[in-house]
1. Compute the FRET efficiency between A1054 and Y980 as 1/(1 + (r/R0)^6), taking r as their Cβ-Cβ distance and R0 = 25 Å, and round to the nearest 0.05.
2. Taking Rh as the Kirkwood radius, which is the inverse of the mean 1/r over Cα pairs, what is the Rg/Rh value for segment 776-902?
3. Name the shape class, rounded, prolate or oblate, that the alpha-carbon gyration tensor gives for segment 898-943, where a ≥ b ≥ c are the square roots of its eigenvalues, rounded holds for a/c under 1.5, and otherwise prolate holds if a/b is larger than b/c and oblate otherwise.
4. Please work out whether segment 423-517 counts as rounded, prolate or oblate from its C-alpha gyration tensor, where a ≥ b ≥ c are the square roots of the eigenvalues and a/c under 1.5 means rounded, while otherwise a/b larger than b/c means prolate and anything else oblate?
5. Which distance in nm do the two modelled labels at I46 and C690 give, with both placed 7 Å along the Cα-to-Cβ direction?
6. Taking the inverse of the average 1/r across all pairs of different Cα atoms in segment 528-624, what Kirkwood radius in Å do you get?
7. Percent of accessible area on segment 538-694 owned by carbon and sulfur, 1.4 Å probe?
8. Given labels modelled 7 Å from the Cα in the Cβ direction, how far is it in nm from N303 to S1319?
Amino acid sequence: MVFSRDESKDTERIVGHVTSLLDSTDLFVAEHPVGVNSRVQDLIQIINNQKSKGVHRIAIWGMAGIGKTTIAKALYNQISCNFEVRKFVPDIKQRIENSKRTDPGRILQQEIDDFFKEKLKTKVSNGNPISLEWWERLFGTKVFLVLDNVRSERELEVLSLIGEGFAPGSIIILTTRTKHDQLREVGVNHIYKVKEMDYNECVELFSWTAFNKATPERSFAGLIDYAVEYCERLPLALVAVGSALSEKSIEEWKTVLDSFTRFPLQDVCQILKESIDSVGYEEKNIFLELAYLSHLFIGTDLNDISQTLQEAGHNAALIAKAIKGLEDHSLVWFKEDKLCMHRLLQHIGSEMYLKESSFEPQQRPYDVFLSFRGKETRSKFLSHLHASLQNAGIYVFKDDDGIPRGKNVSFSLMKAIRESKTSIIILSPNYAYSKWCLQELEDIIQCYKNKTQKLLPVFYHIDPSEVRNQTGKFGQAFENLIKRSPKLKGKEQSWRKALHEVGCIAGFVIRKSRNENEDIKKIVEDVTHMLDMKELFVASHPVGVESRVEEVIELLKNNQPRNPLLLGIWGMGGSGKTTLAKAVYNNIFREFDGRCFLLNIREAWDQDNGSLHLQQQLISTIYKTTKIKIENTESGKSILEKRLCQKKILVVLDDVDKLEQLNSLAASHRWFCPGSTIIITTRDEHLLRCHRVDKLYSMKELNDNESIELFSWHAFKEPCPNEEFDLVANEVVSYCERLPLALEVIGSYLFNREVYEWRSVLKKLKTIPNNDVHKKLKLSFDGLSDDRDREIFLDVAFFFIGMDKNDVVDILNGCGHSAEIGINVLMERCLITVDTKRKLGMHGLLRDMGREIIRECLPMKPEKRSRLWNPEEALNVLSKDMGTKAIEGLALNLPKSVNPTQLKTEAFKEMKRLRLLQFANVQLVGDFKYLSTDLRWLCWHGCPSEYTTANFDQANLVAIDFKYSTLKLLWKKDQLILKYCPKLTSVSHTIQHLKQVLLINLKGCSGLRVLPRSVYKLKSLKTLILSGCSLIDKLEEDIEQMESLATLMADKTAITQVPHALLRLKSIVYISLCDFEGLSHNVFPSIIWSWTSPTNNLSSQVQTFLDLSNLVSLTVPNSNSQGLSSIIRELPQVQSVKLGCGSQLQITEDINSETFNVTNCDDMIVTSSASNVSKGSTSSFAGCCSEHYIIESENSLNPILIQMGMKCSVTEVLTGNIFQNFSARVSGDCLLPGNHHPNWLTFCGIDSSVAFDVPQVNGRKLKTMLLCIVYSSSPNNVPSEDHIIKNLFIINHTKTTPYIYDGDTLASLRDEEWQKVISNLEAGDKVQIVVVAGLGITVKKTAVYLIYGEPVDQTTEQQAEGDVSGDDMVADANLTVHGGVEKKSLNSVRKRKFQGQGV
């Protein structure tokens, strides 16, 4: 360095030089820069060859993803150290997006200015971005500047403003996808087009990303070639595809590569799409058309391309300019004058074309393109085929109009071919004589090979080999074409190849002698399946639909083909009825001659002439014509009745809500021909029953996994939640309560939102439902025609969810409603449910819908609403004395975790119409005269002990519920629920004045010592519950006065004596007095289940109230069985008894020996008596033993079968086998089926008893039992069915719980009662079944069949000790086998393993 006299300047130069040396951090080029160095050397050679002594400007040009930036970075790293100032300006796109400025040139200029100012330590003067003050200092400085990815002409303008002041030898490099004409104008000396990678470079780069080494695995050689060919040597694609295939197996490679041909990698597509979007409007349109029809344009010269595009309506001058622009943007290029385009650009452009094209209905992509030689086939075969395809709902393109043809296939035909899902080529003898047909064929074959289209060849009056080898008449026609037009010689080989390929594809051969109608029918069926036609869109994400479709189709299969079938699909709004109906329709519509799906009938019906339009749509769609005119609804009914029965049709009537709709569209079975199917979706079950549908499918709710998957598809666009959203996503799914509508709507609303937003939305939803969901659900509410039904729904939604149905009925009836029918209507409309415990239920979103109906009327004035449930609003109204006469119901339930809230009774002063009041953790202070006299229900959980009823008018109260309260004194009331009030010590004697009381529930009132004698005067009382009143030790004989008492529950009390008067009550249905540990030993045990005979005329009111019209239950404390006879005598209607004993069961002498004539009971002591047990009258074993279950034979040896539980397919097989054996047996023999079926075990015994140990069967659950009793009678005694069996004993010796049944009652036993017996049986239990025969009946053999349900999907070769394997399942006369150990009298053994099939 030469020093000058100005030392300050010399010092500054030294510092600058050192700084430049220190600022030498290399740029990251690439993880595997394969082939980059050779291209960098090309650029260095270009730089060295520059003759100019000034600033060198070089453009690196190429398509997106080819490596321009990578090469520029590598060049920068190699030569930048030779320059005093150097700068690499990366892609400006991100800066444009982050900046408020939209001018890329200004942004680029500002960045360069800022950089140089920093380097030269100079400030800008006067705000001028290019200030002479620092720009002059830059003069003479050697600069190396790289501008990456310059796109616009405005960015290029910056290039003209810089560089003039740089020292000679400075270099400015720019990378660009566009070879702008302006490049030369701004001083670019050289344009370097990036060379594509050669094969070896492609394989090496791909191998680094796929295998993490330079050479590939040999076993993947073929697939690597396929991948490299797919990427077409584009580095971006090679890296992306290699990374996607890394660490995958060969099988996975095949799958992934195949998917890439249909769905390229999104990252690659996005980058390439940016290049397409960057061109002008006309250029983009032409590029998309070139890409969409690439198989026709690629390899074609510019003149042919221009001519075809002109046919499509493009201006000739604009075509040439546009294609030049596409070349400049690296989207196309010409090689030997033939058009070229990268494979990925073809795919992306084609997809963009389809997406951006707006097809009218008549212009939508075709189902089928018909290629044919018109002179041979147009008039006969073709017209018939075309009509048949159209009648099948298939949209066909057929060149009927003779579209003008130029030198090549017209643009319209090219588009039609590409826009068809399937092509049918009718190869007739002279097909190959038409160059147009051969060009169509070539294009179709190309689409077929690209897997974008299916192909069905029809060999019409020729053999496929003639096409394949161009022989016979077909071959001669082809030769004649070539001879006639020598210019076509260049196309001969490609056409021959296409003909050979189509001749090798399986198709239809149509002979002259065959019936063409049958051939056409088969072609249409084949095309329908090829298209996999689904006429209706089902859902973007049909989660759980498939399994439910299978269930519906199974119902349809069970129909008799000689009859039409009406199927109803019933469920609440938003449960997926329409979706399911669409999916079923798509699955089966091909089986019918006509079909119609009428969508949204509820909505369409209410439009002007809605009924008429629906009738017209139905007949027009079925017959595919508009010529049948319907003038009015009544004439429409007549036309439909006459026409619909002429075809086997499928009709779906969606969202029906009125019976008149069905009467107008599908009035009866007579309207339809045999085999037709009519599917009706509705929210109203009663409507379906009124219309007498044949089958009813009730919508099944989604399970947990289905719910989270469906929600995730809409909220995350994938099948499961993102990890950070997992918890809140489950909360939202829980809120939706498995309702598909809510999962989809709310999921879509939450898409692409942050977690905190989800929390906010969820909080809001709990008070204000989603509007779209609310509107959909509200349709069910609006569909209620009776205002009182609407009021009942709202009352339940606000106050009664989870309460006993009978209690709610009483309360609502007290409010003036007809609650029984109202609740039934709501159940039929899927608005409420009643569970097995008779508790009212309601979907959470329906509940919210009901509450929102009230809230939205007066959103800002809660005091003027009819019902209040929101704690904040209710508390605000009460604490500020804002109550009005509008309020009919109010709930204020506060958490127990806070201290009770005190409110003044004056707050209720203006609530004159208050009917329903519910409190929890609330204290009232003041005079109770302010409570409304209209009050029907008072629910006050946690009522304080200071509560007094002074001045409280209770005249209209129907029910009071003071659960969990601390009351010390109870006053009179109509219906009392005071569960778990431990401080309640006494009940007022004035309770006798509650003349209409139905229920008294004192469960858990452990401080209550005695009931007043006056309580027994309550003649209306149906239910008395004293369970848990541990200090009550006595029930008075006065209980006989409770003439309506049906249920007495007094478990865990101190009661040691049962009043005999209790047993004389005619209405008693259920008695329970058990489970108190302090009971004395002399009070006898357990439960006596008694079935009352049909002559026991319980009132319908009692039966409705308890739903136990035929069941009597008596539960008594533990003791021996002394006194059993006295109870039996007192229960004249007793028909069966279940006893729970200690160690041994003893039946005393007081019982009739004929009634309890038991033999072979190891632990049972039986003595005789002369007492009698009367029987009720029953007609037969209806429902249990049907009339064909008893067979008479000539030698009077007959079977009788008793089904213990639900019937199933196995019991039907078994029953058939038994009767078949008896029909074919030798006289005197009684051969019974053994273990010849994989789903039952047989145990047999001689005479009237069979004993067995319940086996342990791995993977199986005992489902039901079948008892077979073989009996004989004397020739002079032909017994009636109800006198064959006198008594039946089922004794579980292990659990010491025998069941005793009177034979007359067996017919009336319900499945659930038998289920109690079966559920009491566990593996290892010793069980004995004893039959007591009627007079003159001799039991010869008794067999029991244990029938097991479907197996769990598991097999165990080695059974644990005590388990029964397939080899242990043995049964025959005099044989019982359990646990693999044979018992006595083993005469023969037959073995069979389980086959794993279900029952």
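The values are calculated or read from the model by the stated rules, or taken from the named source; none is laboratory data. Keep in mind the model is a prediction, meaning the values are calculated, not measured. Heads up, the Cβs are rebuilt from the backbone with ideal geometry, glycines too, and the neighbour counts pull from every protein chain shown. Keep in mind that these areas ignore ligands, DNA and RNA; they rest on the heavy atoms of the full protein, side chains included. Shrake-Rupley method; radii C 1.70, N 1.55, O 1.52, S 1.80 Å.
1. With a Förster radius of 25 Å, E is 0.85.
2. Ratio of gyration radius to Kirkwood radius for segment 776-902: 0.98.
3. Working: a/c = 2.53, a/b = 1.43, b/c = 1.77.
It comes out oblate by the Cα gyration axes.
4. Numbers: a/c = 2.09, a/b = 1.18, b/c = 1.77.
Verdict is oblate for segment 423-517.
5. Result for the modelled spin labels: 8.4 nm.
6. About 15.2 Å, per the Kirkwood formula over Cα pairs.
7. 45 percent
8. Reported label-point gap for N303 and S1319 is 9.0 nm.
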